[in-house]
Amino acid sequence: MTANGRSGGWVLARRGGAVGLERRGARAAGAGEVAVRVAFAGICRTDVRAADGELGVAEGRVLGHELGGTIAAVGAGVRGLAVGQTVSVDPRLACGRCVGCAAEEGCWRPEFLGVDRDGAFAEVLVVPASAIVAVPAGLDLRLAAYVEPVAATLAIVEAGLPQAGVGVVVGRGRIAELALLVLHAHGFSRASLVDPAALVETRGGLDFAIEAEASAALIDAVVARLRPRGTLVVKSRALGRIPIDVGAVIAKELRVVGACYGSFAAAAALLASGRVDVRPLLGRARPLVEYAEALAEARAGEGQKLFFAMEG
Ligand SMILES: [Zn+2]
Ligand SMILES: [Zn+2]
């Protein structure tokens, strides 16, 4: 299983209605691109949905979008990145053609790694240099693979919530737990975790609520429990549409904020600082050949983040 700094080697791809291992030919890092030797790749709900066909992907698509690894090769014109450097990747790959790209304010319709483009369940991955997230040298590469979920959670911190307010994260499992850890690390000391089934009326109402597993019933319950001018942060990505009582939102003058990603650099720094102890949230790493067991375990529950370990 050697790939010598070229994209390819063994990958986990979806083809013919199922996922399976494939051997891919090599592709060198082109101008402006970087080849990353993947050490660990996290398994996310998105990957399970793509593997199961709930989320449509092109035939032969390599799945996976959370990774930690080292730079194996840099293409022409790439500055500030060196072979051997420890990195993670921002899975939103800029299209290079839209208004946002032209204005350098961030792509308006990025293509997502492992969904729109071949992803991280691979020995070596070639991505545009702009997607590379440098992580502090010496950071555990499993933590480097966890930068993406932490960056996704930092979007909550960047949603303009009142730091001294009373708030809840509504959900079960590691995404809700991570959201609470990150909020506490940023001084939101009156935030707590609530099981959706146990959401009760609080005196004075909630200043903010973050949904970590959206359903119509949960959104209704949260809207009812927020105080006037409170904030609802929508965080989980349900596949279907979820109704919201806009009349209640207007009557209470609620703020509804979508939270997708915060800063990847801040996420890497937060993990390196030790200010959040995410280790209880990190689960087993299996070799890629055990993909069936790994996906079955990921499907069974969202207790801990599972990984593929690409080497050894
Ligand atoms: Zn993810
Ligand atoms: Zn763009």
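Check residue 303 against each of (1) within 15 Å of residue 140 (Cβ to Cβ); (2) modelled with pLDDT under 95 and name the one condition it does not meet.
(1)
I'd like the residue in segment 76-86 that is assigned to a loop (DSSP other than H, G, I, E, B) and buried (at least 17 other Cβ atoms within 10 Å of the Cβ) and, out of all such residues, is farthest from ligand 2 (Cβ to nearest atom).
The qualifying residue farthest from ligand 2 (Cβ to nearest atom) is 85.
So which residues in segment 98-138 are away from ligand 1 (no atom under 16 Å from the Cβ) and touching a Leu at 6+ places or on another chain (Cβ under 7 Å)?
Those that are away from ligand 1 (no atom under 16 Å from the Cβ) and touching a Leu at 6+ places or on another chain (Cβ under 7 Å): 128, 129, 132.
So residue 91 passes all but one of these: (1) closer than 28 Å to residue 136 by Cβ; (2) more than 16 Å from ligand 2 (Cβ to nearest atom); (3) not β-branched (Val, Ile, Thr). Which condition number does it fail?
With respect to (1) closer than 28 Å to residue 136 by Cβ; (2) more than 16 Å from ligand 2 (Cβ to nearest atom); (3) not β-branched (Val, Ile, Thr), residue 91 is out only on (2).
Scan segment 44-58 and tell me whether some residue there is in the same structural domain as residue 135 (by TED's automatic domain parsing), of a type in the set (Val, Ile, Thr) and surrounded by fewer than 17 Cβ atoms within 10 Å (Cβ to Cβ).
No: segment 44-58 contains no residue that is in the same structural domain as residue 135 (by TED's automatic domain parsing), of a type in the set (Val, Ile, Thr) and surrounded by fewer than 17 Cβ atoms within 10 Å (Cβ to Cβ).
Kindly establish whether residue 95 is free of Cβ contacts under 8 Å to residues at least 12 places away in the same chain, more than 16 Å from ligand 1 (Cβ to nearest atom), of a type in the set (A, V, I, L, M, F, W, C) and more than 29 Å from residue 291 (Cα to Cα).
Answer is no for this residue.
Could we say that residue 55 is in a loop (DSSP other than H, G, I, E, B) and either touching a Cys at 6+ places or on another chain (Cβ under 7 Å) or over 14 Å from residue 133 (Cα atoms) (or both) here?
Yes: the conditions hold for residue 55.
Residue under question is residue 72, and the condition is that it be crowded, with 21+ Cβ neighbours inside 10 Å, farther than 26 Å from residue 279 by Cβ, more than 13 Å from ligand 2 (Cβ to nearest atom) and among the small types (Gly, Ala, Ser); does it hold?
yes
When you check residue 283 against the structure, is it of a type outside the set (A, V, I, L, M), crowded, with 16+ Cβ neighbours inside 10 Å and without any contact (Cβ under 8 Å) to a residue 40 or more places away in the chain, yes or no?
Yes, satisfied.
Residue 89: surrounded by 22 or more Cβ atoms within 10 Å (Cβ to Cβ), more than 26 Å from residue 235 (Cβ to Cβ) and in contact (Cβ under 8 Å) with a residue 40 or more places away in the chain, yes or no?
The answer is no for residue 89.
Residue pairs, Cβ under 6 Å, 6 or more apart or interchain, first in segment 37-55 and of a type in the set (Phe, Trp, Tyr), second assigned to a loop (DSSP other than H, G, I, E, B). List them.
Qualifying pairs under 6 Å: 40/145.
Just to be sure before I move on: is residue 124 touching a residue at least 60 places away in the same chain (Cβ under 8 Å), over 21 Å from residue 254 (Cα atoms) and not assigned by TED's automatic domain parsing to the domain that holds residue 82 in the structure I sent?
It is false that residue 124 is touching a residue at least 60 places away in the same chain (Cβ under 8 Å), over 21 Å from residue 254 (Cα atoms) and not assigned by TED's automatic domain parsing to the domain that holds residue 82.
The values are calculated or read from the model by the stated rules, or taken from the named source; none is laboratory data. For clarity, every value in this text was computed on a predicted model and none was experimentally measured. Counting neighbours? That spans all protein chains shown, and the Cβs are built from the backbone with ideal geometry, glycine included.
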